[in-house]
Amino acid sequence: MKQLTTANTVVENILEIAWHFSSRGINGACCADLSLAEFRALQTTAITPNCSVQHIGRILDFTKSGATRIVNRLEKQQLVTKVRSAADARVCCVTPTPAGLELLQDAMQCTNDRLEQALRKVTPSERDDISNSLNLLARTLTSLDK
């Protein structure tokens, strides 16, 4: 039972941290009210040349239709553009617009500033512990999906 309690506490802490880095937790100061899935999709388009809707779906672990709905919402907000691939007309490539790139840059600056503000309240040793623990947890969770 102790492991379940520990897991519940970790999940609650992850949710609390995620809330503080969402557009809602930052009082709408960044992210243009994007959902986490929309933000991750936009981020994926910025770091992936010739990013297909299918690739976004794989990254988010969504179906192609789920990824298409997210991309369509981003396109409606003029944060991405869709272009048919010259090599394969069945493939739609998604690229961020200048507004999408600006939103990403602003969001990253906002979240980095917020994290730096929080980390100033802990010791250097605690910062290292936080970083190492989060890296270990992220790697372990990622390995479960492989």
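Numerical summary
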{"read-out": "Extreme residue, modelled with the lowest pLDDT, among residues of segment 50-89 that are touching a strand residue (DSSP E or B) at 6+ places or on another chain (Cβ under 7 Å), of a type outside the set (A, V, I, L, M, F, W, C) and more than 16 Å from residue 101 (Cα to Cα)", "value": "85"}
{"read-out": "Test: residue in segment 58-71 that is in a loop (DSSP other than H, G, I, E, B) and exposed (fewer than 13 other Cβ atoms within 10 Å of the Cβ)", "value": "yes"}
{"read-out": "Residues located in segment 72-98, provided they are in a strand (DSSP E or B), surrounded by fewer than 13 Cβ atoms within 10 Å (Cβ to Cβ) and not β-branched (Val, Ile, Thr)", "value": "84"}
{"read-out": "Subset of segment 90-121 (residues that are in contact with an Asp or Glu (Cβ under 9 Å, 6 or more places away or on another chain) and more than 23 Å from residue 56 (Cα to Cα))", "value": "119"}
{"read-out": "Pair list, Cβ under 7 Å, 6 or more apart: segment 112-126 residue free of Cβ contacts under 8 Å to residues at least 60 places away in the same chain, other residue assigned to a helix (DSSP H, G or I)", "value": "119/127"}
{"read-out": "Some residue of segment 1-23 being in contact with a Cys (Cβ under 6 Å, 6 or more places away or on another chain), of a type in the set (A, V, I, L, M, F, W, C) and at pLDDT below 95", "value": "no"}
{"read-out": "Test: residue in segment 107-128 that is over 19 Å from the mean Cα position of the chain (by Cα), outside any helix (DSSP H, G or I), aliphatic (A, V, I, L, M) and at pLDDT 90 or above", "value": "yes"}
{"read-out": "Where a residue in segment 47-68 is over 13 Å from residue 82 (Cα atoms) and its partner, wherever it lies, is small (Gly, Ala, Ser) and part of a helix (DSSP H, G or I), with Cβ under 6 Å and at least six apart", "value": "57/67; 60/37; 64/57"}
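Yes/no per residue for (1) hydrophobic (A, V, I, L, M, F, W, C); (2) farther than 19 Å from residue 108 by Cα:
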position	(1), (2)
34	yes, no
46	yes, no
50	no, yes
55	no, yes
65	no, yes
76	no, yes
91	yes, yes
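The values are calculated or read from the model by the stated rules, or taken from the named source; none is laboratory data. Since we're looking at a predicted model, the values are computed, not measured. Counting neighbours? That spans all protein chains shown, and the Cβs are built from the backbone with ideal geometry, glycine included.
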